[in-house]
Every structure is written in C-alpha cells, then in structure tokens.
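What follows is a single structure, written as structure tokens, with notes after it.
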Amino acid sequence: RVTMKSLRFLSAEAFVSNAEFARKSLDAVAHNLFPLLFKASYLLEQGEVIHDLVENWPLVDFNVGKLLGPTVDYQEDLSHRTCSVCLESCLTGLRDYVLNHSSPYMKRLKVVDLTGIKDVEVQFCECKKTMGRWARTQLLSKLCVELLVYLQQAQCSPGTFEISIDVLIDLFVTERNYELVVHALLKKCYCPLKICCVAFRSDNLTLQKFFYIIKLTDPSLLRKLEIVHNVRLEMEHLEILFNSIHFPLLMSLTLPARTFNVQRFTPKDEQMLTNIGEKMGEMTQLTELCVSFSILTGRIQKLLSPLKTPLKMLDVSNCLLNHADMAYLANSFHAYHLESLDLSGHDIPELYPSTFFKLLSHSSSVLRSLTLEDCNIQDTHVNMLILGLSPCQKLHEFKFVGNPLSSQALKHLFTFLCELPMLKNVEFPVPRDCYPLGITYPIDDANLCRFDHQKYESIAEELNLILVQANREDVKASTPLFGSYDAALQETNNELGAYLIKSFKETLEKFTTSFNEL
C-alpha cells in the first residue's frame, strides 16, 4: 500500500536527506516546520538530523506519538517503528537540549511524551535494530543520571537549573535495570528532565524491590500497572499494596499468575478478597483488568461487583470459572461495554454454552477482540459459534488457537469470518486432522509441534484463498503455536530464562538438602 505524500513532505524529505546541509540550516527554519522535518527525518532514519531537531526544539511540547502518527502531509503512521537509531537520537537530543548554551528564555519545551510509541513484531526500519520499552527505560534513566553528574561537575549557567521538562514514559523495570531506574527516580526533583511514569510494568523483581520502586514512580499519575512474570505477588500482598498506595488515575491492571487461589480459601481469605474488590471499586477510572491463571471459581462477582465503572477489557483466561461466574458476567453491566474479552482455558461448550452466548450477545455492539484459546470448541459447535459471532460487527481480532477443529470446520468458519467488516487479525489452530489419530486436547508442549507440517501449509493456503476470493486480503491469519507476540517478553527473554534457571536450581538445592537431612 502506497501512502501519498504532500509536496511539503517531499520537500522536507529532500531537505533532511542531506544531513550536513540540514543541520547547518536549522537556524533558518520556521518553528512550525520542525514537526514536519522530524517525521521526514524519522522516515529516512536520519539520526543526526533528529538529534539536532530535538536539541533545538522550539515548541512547548514534543509528543512522539502525534508527531509520527497520521498527518495531513503524510498519512502513514510511523509510531510503530521503534527504530533504535531514531529513538536514541531523540533521547540524546533531549539531553543536549538541556545542555545547549542558547538562552534559557529561548527554551519553551515543557512536556515530552514518549508514551505513543508502539512496540510491534515486524519492524520496517532499514537498520532492523529496535529499541523496546525496556531499552527506552534504561536509556532515559541513564541519561538523567549522567545529566545530573554533568551539571554538578560543570560550570553551567544558572538558567540551566531552572529548566523543568516532564518526560512522560511507560517504564519497564526488571532486576537488570532496577538500580539505575531507582537512582534516576530518587534524583528526579534535581534533574531538569523529570521522569513521569504513566504506565509501569515489572518482571523478575522481588516483592521488596517492587514495593519500593512503585512508590517512587508517583502512583497518583499511574494509568496502567502490569505486574507480570516472576513477581510473587499473592492476595495478601495485593491487599497491602492497595491499602498503602492509592491509584486514583489507574485505568488498566494486570496481575501475575496465581495472585488469587480459592482452593485454599479461608474466612480470612474471603475478607481479603472483599477488601481488594472494594479498593478496586475506589479506582473510578479502572476499565481494564487481567487476572489470568488465577483460581477464581465462584468469586468473580465478589471481585468485580464493587467496580463503579464498567470494564472495557477483561482477561480471565484459565481462572476455572464456574456457571455462577459466567452468569454474573453475562448479566452484569460490564457485559454491555466489553471491547476485549479473553475466556481461554474454559470448556465453554460443555460448561455454560447458553450463558456464554448471552454474554457475547450483550457485548456484541462494542466487542473488538475475542480470545477463546483451548476452549474445547469442536466441529459440532461451529454453527453455534457463527450464530454467536454474527452480531459482532465491530470485531477486529479473533483468536481461537488450541481448539480441536478439523480443516473442513475451519474452512466453514473462515467463509463466515469474511463477512465481519472490521476484522483484521485471526489466530487459528493447527487443524485436528494434521495431528496423529488419538491426540488429546489441550495438547501438551511436547506434542504441540508433532503435526504434518506439509498438510498444515496446504490447508493454510486454502484458508487464505478463502480470504482472497472474498476480497479480504486485509485480514491477517496465522497460527502462533506458542502464543501471541509479546514485545516485552521478547525483549527480556534472556533475563527471564536466566531467572527461571536460577529458580529451578534453588528449588533443586533445597530439595537435595531436605533429602540429605532425611
């Protein structure tokens, strides 16, 4: 798809393509042309020009998402290009904006917004080197610390210390960058670049470190909190977190696996869950909740009923929900507002087919993303599924990997999916007839790849042909065997792997010690 460029944008490209000339000529450029030149430089990956544009930025705000998003001069959205060359140039240019010797009165910049950058799987930048959320957190923290050291050692003009720029960012903290980020946050009040954490994700952190750093981020500004891998947060810790820290602007909350576990519930646990629900009810902005891989059998109402704002996103995958839970969801006020729903890991056709379709019916006018992985949806259920999905005319994404469906059933389903006008992404399972006879579902990791790959490729081509013949080339269909792409996990998988090996080794040592004592 070719996106048209205005004459202004073509002229901007020509100007920045000669980096040496462009950098020398910036003093003569009108201030209102800086955004145009920035996007053109980003498209051409002119790192030196980007640096100088940011170092001399003449406007009050610098919003990367808006600058790279669709504009009148060039409709292409570049905010998903996390090009390392370009983003490093942006951040070092920001540091040098502070150090630049031009008069402080000329410096108008007050807010830098880095939150509009989107991390995606496929990068189109020529350098092919990305700077993900973790690396952006690392670099900004490093530059803030270095800037403070420089300002303390060098003879700077008094006006430099009066510069105050709020830098809005989605922080991603793990054990590996924890100390650096803590250092930057502790010294925030002294640094001209003020890190303002809008979203916070933590992986591979001890509880003590998590509780310490979350207080440093200024939770009153936090809109999104993700506590994901290897943070051993359990229900009692969550209650302490909500009792000790207020999150008035929090819109999205993701909790780690096994935060809740009703198999060992006591009256004390019931009260704890009630308290957590009430605290969540005080978060009047909360519209997104992910509590996957927790055991919440019969407890969904207790957790969600205190919420005063309807949820737009709910992920309760692999939470062992029972009929009462599904009935609550279907009849709650949340049902009419759900734009994204994940019920993976529940045997929907066997346990609560009518209640699920009632939920689907209530959310159909707004539902954009539906995930039903490993839900035991078989060939005999496809017609009913089509009936349930028919009103979901705004559906953008449908994921149903891990269901025991034959190639014929998939073709039938794909023919219907072509009729959903907004659909853009489909994740479908390897057809059951590609696996050996007698395979049982859900398929374990050991057998997941043991299918007839040649037969699968042939069937996948047929499914894509159905899309092509219906003029739906805009729909991307794929089979991610090991789950959808997770940019954060992809960026830190080496650290995560090392952490898991270390945990396994410690467990093994404890077991060996106990065995020897016996």
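The values are calculated or read from the model by the stated rules, or taken from the named source; none is laboratory data. Computed from a predicted model, the values in this text were never measured in an experiment. Cβ: placed from backbone, ideal geometry, glycine included. Neighbour counts: every protein chain shown. Areas reflect the complete protein model, heavy atoms only, side chains present, ligands, DNA and RNA absent. Shrake-Rupley method; radii C 1.70, N 1.55, O 1.52, S 1.80 Å.
Observations on the structure shown:
- 222 nm mean residue ellipticity, helices alone, for the chain (DSSP H n ≥ 4; -39,500 (n - 2.57); rounded to 500): -12500 deg cm²/dmol
- Within straight-line cross-link reach of Lys5, aspartates and glutamates at Cα separation under 15 Å, skipping those fewer than 8 residues along the same chain: Glu13, Asp73, Glu76, Asp77
- Cα gyration tensor shape of the range 156-231, rounded if a/c is under 1.5, else prolate or oblate by comparing a/b with b/c: prolate
- Average Cα contact separation per residue, the range 1-131, under 8 Å, 6 or more apart, as relative contact order %: 30 percent
- Inter-site label distance for Ser157 and Gln393 at 7 Å from Cα along Cβ, in nm: 6.1 nm
- Placed amide H near Leu289: partners under 5 Å, 5+ positions off or other chain: Leu253, Met313, Leu314, Asp315
- Full-stretch length increase - Thr380, Tyr441 - with 0.36 nm per residue and alpha-carbon distance subtracted: 20.4 nm
- Part-to-part distance (alpha-carbon centres) for the range 317-362 and the range 93-158, which is given in Å: 45 Å
- Note on surface exposure: Phe34, Phe293 rank Phe293, Phe34 by accessible area, highest first, 1.4 Å probe.
- Of Lys312, Lys107, the order by accessible heavy-atom surface (1.4 Å probe, DNA, RNA and ligands excluded), from most exposed downward, is Lys312, Lys107.
- Computed magnitude of the charge dipole of the chain (debye, nearest 20; Cβ of K, R +1, Cβ of D, E -1): 1040 debye
- Backbone amide hydrogens, once placed in the peptide plane, bring Lys399 within less than 5 Å of Leu370, Thr371, Leu372, Glu427, excluding anything fewer than 5 places away on its chain.
- Here Glu473 and Glu121 are evaluated by their C-beta separation; at R0 = 22 Å the FRET efficiency comes out at 0.70.
- Pairwise FRET efficiency - Asp269 versus Ser305, Cβ, R0 = 22 Å, nearest 0.05: 0.80
- With a threshold of 32 Å on the Cα-Cα distance, the over-threshold entries among Lys188/Lys394; Lys118/Lys312; Lys39/Lys142; Lys129/Lys279; Lys312/Lys476; Lys110/Lys142 are Lys188/Lys394; Lys129/Lys279.
- A crude spin-label estimate for the pair Thr3 and Asp77, with each label 7 Å from Cα along the Cβ direction, gives 0.9 nm.
- Estimated vicinal HN-Hα couplings, Hz - the range 367-374 in sequence order (Karplus 6.51, -1.76, 1.60; Gly, Pro = x): 5, 10, 9, 10, 10, 10, 7, 6
- Evaluating 6.51 cos²θ - 1.76 cosθ + 1.60 at θ = phi - 60° for every residue in the range 325-335, the Karplus couplings come out as 5, 5, 5, 4, 4, 5, 9, 7, 6, 5, 3 Hz, glycine and proline recorded as x.
- Amide hydrogen neighbours beyond the local backbone of Leu168, cut-off 5 Å, H modeled: Val112, Asp113, Leu114, Cys196
- Alpha carbon centroid spacing (whole Å) that separates the range 62-86 from the range 256-286: 40 Å
- The label-point distance for Asn261 and Lys411, in a model that sets each label 7 Å from Cα toward Cβ, rounds to 4.8 nm.
- Extension gain from Glu461 to Gln490, taking 0.36 nm per residue of separation minus the Cα-Cα distance: 7.6 nm
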